[in-house]
Amino acid sequence: MRSLALFLALGLALAAEFAAFTVEPAGDQVVDLTTGVTTLPSGGRLVDAERGLVLVADFIEYKEGAFVRAKKARLDQGKVHFEAGALDYRVAAGRVRLTGGVAFSAPFLKGLKADAGRLDLKARVAVLTGHVASQDPAFTARTLVADTRTGEVLLLGDFAYRDPGLGIELTGKGKDARLYLKLAEGKEPEVRTAVPPEVLRRLTAFLKE
């Protein structure tokens, strides 16, 4: 029964280490021993060393080995960074859902925003949807799929890509429109309207999840 739940308030300096991650609260922790759910009302910092993740958020709720939910969150995996209004991380599956507005940056891509997204942390692939727009390189799209390890990016649906320096502007219309980008820090983007078949198969598979 809920009435039997025991709640423990823990101080600012307390850090709890679990099999999957380490948590550093920014304030109190509230532990419900009936459900196994811990809440950090003031947020804090969570580190998943196994997957190289660092999460900082204004509010965190988690259950060891099961899930992490956060609000006003920043998630870093190496040099790849995500920010979102809300985050839901399913630990065993290694998958994250981002809602409430998403920002994404990496050494090869800067100033990208979208309405929502999801991440496969094992494959290190991100899918962003809804009013996708990037500053550098400059493009818009309905859907983006990015392999954050290789810098391979697919723009799907209606898209527009611009390179003012080279005077290039490419557009696509309709659900079957697509553009392939190979991005690397400090290099000019490789841009193709014909997507390599292997890349198309591999990356579009993440749209089904």
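The values are calculated or read from the model by the stated rules, or taken from the named source; none is laboratory data. Note that this is a predicted model, so its numbers are computed, not measured. Cβ sites come from the backbone with ideal geometry, for glycine too, and all protein chains shown count toward neighbours.
Report yes if VAL91 is farther than 21 Å from PHE139 by Cβ, over 10 Å from the mean Cα position of the chain (by Cα) and not assigned by TED's automatic domain parsing to the domain that holds PRO41, otherwise no. Spelling it out, VAL91 is indeed farther than 21 Å from PHE139 by Cβ, over 10 Å from the mean Cα position of the chain (by Cα) and not assigned by TED's automatic domain parsing to the domain that holds PRO41.
Here is a check on your reading of the model: is ASP76 among the charged types (D, E, K, R) and over 26 Å from LYS187 (Cα atoms)? Spelling it out, it is not the case that ASP76 is among the charged types (D, E, K, R) and over 26 Å from LYS187 (Cα atoms).
So that you can scan it fast, the table gives a plain yes or no per residue for (1) crowded, with 23+ Cβ neighbours inside 10 Å; (2) free of Cβ contacts under 8 Å to residues at least 12 places away in the same chain; (3) out of contact with any Cys (no Cβ under 6 Å at 6 or more places or on another chain); (4) among the hydrophobic types (A, V, I, L, M, F, W, C):
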residue: LYS63; (1), (2), (3), (4): no, no, yes, no
residue: ALA70; (1), (2), (3), (4): yes, no, yes, yes
residue: GLY85; (1), (2), (3), (4): no, no, yes, no
residue: ASP88; (1), (2), (3), (4): no, no, yes, no
residue: GLY94; (1), (2), (3), (4): no, no, yes, no
residue: SER105; (1), (2), (3), (4): no, no, yes, no
residue: LEU119; (1), (2), (3), (4): yes, no, yes, yes
residue: ALA123; (1), (2), (3), (4): no, no, yes, yes
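The test for being surrounded by fewer than 16 Cβ atoms within 10 Å (Cβ to Cβ) and either touching a residue at least 12 places away in the same chain (Cβ under 8 Å) or touching a Ser or Thr at 6+ places or on another chain (Cβ under 8 Å) (or both) holds for ASP163.
Candidates in the range 27-40 are the residues that are without any contact (Cβ under 8 Å) to a residue 24 or more places away in the chain and over 16 Å from LEU87 (Cβ atoms); of these, the one that is surrounded by the fewest Cβ atoms within 10 Å (Cβ to Cβ) is GLY27.
Would you confirm, using the coordinates I've provided, whether LYS110 is of a type outside the set (A, V, I, L, M, F, W, C), in contact with a strand residue (DSSP E or B) (Cβ under 7 Å, 6 or more places away or on another chain) and farther than 30 Å from GLY172 by Cα? The answer is no for LYS110. Of the residues making up the range 3-14, one or more are at pLDDT below 90, assigned to a strand (DSSP E or B) and not charged (D, E, K, R).
Inspect the range 116-130 for any residue being under 23 Å from THR38 (Cβ atoms), part of a strand (DSSP E or B) and of a type in the set (S, T, N, Q) and give the result as yes or no. Taking every residue of the range 116-130 in turn, none turns out to be under 23 Å from THR38 (Cβ atoms), part of a strand (DSSP E or B) and of a type in the set (S, T, N, Q).
Scanning the range 145-173 for residues that are modelled with pLDDT under 90 and assigned to a loop (DSSP other than H, G, I, E, B) yields a count of 4. Within the range 182-205, the set of residues being more than 20 Å from SER105 (Cβ to Cβ) and either under 20 Å from the mean Cα position of the chain (by Cα) or part of a loop (DSSP other than H, G, I, E, B) (or both) comprises THR193, ALA194, VAL195, PRO196, ARG202, THR204, ALA205. How about the range 125-147: which of its residues are touching a residue at least 40 places away in the same chain (Cβ under 8 Å), surrounded by fewer than 23 Cβ atoms within 10 Å (Cβ to Cβ) and within 18 Å of VAL191 (Cα to Cα)? Residues satisfying the conditions are PRO137, THR143, ASP147.
Taking the listed residues VAL47, VAL56, the one that is assigned to a strand (DSSP E or B) and modelled with pLDDT under 95 is VAL47, with no other qualifying. The criterion of being surrounded by fewer than 17 Cβ atoms within 10 Å (Cβ to Cβ) and touching a strand residue (DSSP E or B) at 6+ places or on another chain (Cβ under 7 Å) holds for GLY101.
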